[in-house]
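The values are calculated or read from the model by the stated rules, or taken from the named source; none is laboratory data. Quantities reported herein were computed from a predicted structural model and do not represent experimental measurements. Ideal geometry is used to build each Cβ from the backbone, glycine not excepted, and the neighbour counts take in all protein chains shown.
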Amino acid sequence: MMFKGIHHVSAMTSKAAQNYDFYTKVLGMRLIKKTVNQDDTSVYHLFYGDEKGNPGTELTFFEIPNLAPNREGVSSISALSLRVPSDASLQYWVERFDELQISHGGIIERAGRKALEFRDFESQRFFLVSDEHNEGVKAGAPWKKGPIPLEHAIVGLGPVQLTVRKPQPTIRVLTEIMGFRASGQFSSHLENQPDILVFETGEGGSGAEVHIEERTDLPVQRLGRGGVHHVAFRVDDEEELYEWINKVNESRFQNSGFVDRFYFKSLYFREPNGILFELATDGPGFDTDEHIDHLGESLALPPFLEPQRAEIEAKLKPLDTSLDQ
């Protein structure tokens, strides 16, 4: 068994409306599903992705109003990446961020690729990474109706960075249980800090990498707005997911067991440094209950929540996502 790459990442926001504006109008991603947190239906769960919401392109947010800011630290998913087509695309984004006054760094090299660090409106940390010399997991297809020229548009998720105090327990889980393989290392660009280690799965490449940063100078993360809740890895289908459930149980990790999220099926568990991992199937997909041309325009609820629609909608602050679709 081997994962096909990164499936999705889920982060925290305190302002769904501003989040929608930033990720669709600034970054040009498509809102592919407007739904609720299935574990707390009083708050939104927003999904962004490529034109179809393909696995490996999905960036999601739980909205918790009045959530305190994220305190960066260890035992965390400390940075996310978004793939763009070329090195020239990064220069386009520098100019766009300057024009829109978005906080960003300079173009650097990370793991053999050109990259551009930036922060969203809640200081969540991202890198745009160039696919120009990337090999491995195929990128998605950009949202054609978005504001970004297609030759520079975001086409999927890149490497996920984990920051931990003691890397070896996390490395053992990745390599001995989850089938990742070591594939290199690169400078952290910080003085007196060890190199960041690169691990990959499946076909490898930007869409299948986990980067591990060792830091002994930071406190434990306090998760808040602008922080990342979990990372999910791609499992082919439900049959393979059950095989992973058996393997995780045999390894004696406490876990969620099988979870039906309707749009995909999942398993959740925490690795030894406390970071939450999810294993998620590629299907059924986000056009299961909405036409592909109208994804994200209205509140979608899985069948098991549909009987509670009136009660759920009454608790949610209206969020108009129809005008820009």
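Just a few scattered comments:
- Residue, nearest to the chain's Cα centre (by Cα), within region 188-223, restricted to residues that are assigned to a loop (DSSP other than H, G, I, E, B) and hydroxyl-bearing (Ser, Thr, Tyr): Thr201
- Exactly one residue out of Glu278, Glu239 is touching a residue at least 12 places away in the same chain (Cβ under 8 Å) and either within 19 Å of Ala11 (Cα to Cα) or surrounded by fewer than 17 Cβ atoms within 10 Å (Cβ to Cβ) (or both): that is Glu278.
- Number of positions in region 190-226 that are of a type outside the set (A, V, I, L, M, F, W, C) and touching a helix residue (DSSP H, G or I) at 6+ places or on another chain (Cβ under 7 Å): 4
Residues checked against (1) more than 30 Å from Val164 (Cα to Cα); (2) part of a loop (DSSP other than H, G, I, E, B); (3) within 21 Å of the chain's Cα centre (by Cα); (4) among the aromatic types (Phe, Trp, Tyr):
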site: Arg234; (1), (2), (3), (4): no, no, yes, no
site: Leu241; (1), (2), (3), (4): no, no, yes, no
site: Arg252; (1), (2), (3), (4): no, yes, no, no
site: Tyr268; (1), (2), (3), (4): no, no, yes, yes
site: Arg309; (1), (2), (3), (4): yes, no, no, no
site: Ala314; (1), (2), (3), (4): yes, no, no, no
site: Pro318; (1), (2), (3), (4): yes, yes, no, no
site: Ser322; (1), (2), (3), (4): yes, yes, no, no
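- Pick from region 1-55, criterion surrounded by fewer than 22 Cβ atoms within 10 Å (Cβ to Cβ) and small (Gly, Ala, Ser), ranking: farthest from Gly285 (Cα to Cα): Ser14
- Selected residue [at pLDDT 95 or above, among the polar types (S, T, N, Q) and within 17 Å of the chain's Cα centre (by Cα)] from Ser183, Ser103, Ser123: Ser123
- Once region 286-325 is narrowed to residues that are small (Gly, Ala, Ser) and modelled with pLDDT of 95 or more, the residue that is farthest from Ala16 (Cα to Cα) is Ala310.
- Tally of residues being among the aliphatic types (A, V, I, L, M), assigned to a loop (DSSP other than H, G, I, E, B) and loosely packed, with under 14 Cβ neighbours inside 10 Å across region 141-153: 0
- Yes/no for Leu59 being over 14 Å from the mean Cα position of the chain (by Cα) and closer than 14 Å to Leu82 by Cα: no
- Subset of region 190-217 (residues that are more than 26 Å from Asn19 (Cβ to Cβ) and of a type in the set (A, V, I, L, M)): Leu190, Ile196, Leu197, Val198, Ala208, Ile212
- Total residues in region 58-85, condition among the polar types (S, T, N, Q) and in contact with a Gly (Cβ under 8 Å, 6 or more places away or on another chain): 4
- Yes/no for Val248 being more than 18 Å from the chain's Cα centre (by Cα), among the hydrophobic types (A, V, I, L, M, F, W, C) and either within 30 Å of Pro194 (Cβ to Cβ) or assigned to a strand (DSSP E or B) (or both): yes
- Filtered residues of region 154-203 (kept if buried (at least 19 other Cβ atoms within 10 Å of the Cβ) and either among the basic types (Lys, Arg) or under 18 Å from Ser130 (Cβ atoms) (or both)): Ile154, Val155, Gly156, Leu157, Gly158, Pro159, Val160, Gln161, Ile196, Val198, Glu200
- Taking the criterion of being aromatic (Phe, Trp, Tyr) and within 30 Å of Ala16 (Cβ to Cβ), the only residue of region 218-247 that qualifies is Phe233.
- Of the strands (runs of 3 or more DSSP E) lying entirely inside region 47-140, the ones with 2 or more residues being farther than 27 Å from Thr170 by Cβ and touching a strand residue (DSSP E or B) at 6+ places or on another chain (Cβ under 9 Å) are found at 104-110.
- Subset of region 152-167 (residues that are aliphatic (A, V, I, L, M) and in contact with a strand residue (DSSP E or B) (Cβ under 6 Å, 6 or more places away or on another chain)): Ile154, Val155, Leu157, Val160, Leu162, Val164
- Looking at Asp21, Asp40, just one residue is at pLDDT below 95 and of a type outside the set (Phe, Trp, Tyr), and that residue is Asp40.
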